[in-house]
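Reviewing the structure listed below.
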């Protein structure tokens, strides 16, 4: 298993987190559209069987909410 974080990674993690916070502040109120094309048969089956809270669009919309983006589907 490849180890990405070690005890010496603390400073790099804090710097990366700070950069992400600044990126988020700079994009406060960003408008985003989730666009879907025609739905193939496989996706229709997926949508009919998959609970709403487990759909990829739910995870994506929650992530957009988390960064403060305005979005429409």
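Quick note: the coordinates plus some simple rules give every number you see, no bench work behind them. Bear in mind the structure is a predicted one, so any value in this text is a computation, not a measurement. Don't worry about glycine lacking a Cβ; one is built from the backbone with ideal geometry, like all the others, and counts go over all protein chains shown.
Descriptive notes on the structure:
- Computed from Cα positions, the angle between helix 10-26 and the longest principal axis of the chain comes to roughly 50 degrees.
- Helix-only CD estimate at 222 nm, as mean residue ellipticity for the chain, using -39500 (n - 2.57) per DSSP H run (n ≥ 4): -16000 deg cm²/dmol
- Comparing 44, 25, 55 in a Gaussian network model of the chain where C-alpha atoms under 10 Å apart are linked, the largest mean-square fluctuation is found at 44.
- Paramagnetic reach from residue 32 (point 7 Å along Cα→Cβ, amide N under 16 Å) across the range 42-71: 55-71
- Our Cα-only numbers for the range 7-72 put the radius of gyration and Dmax at 17.0, 49 Å.
- Projected label distance in nm at residue 21 and residue 41, using a 7 Å step from Cα toward the beta-carbon: 5.2
- On Cα atoms only, tilt of 56-66 relative to the major axis of the chain in degrees: 40
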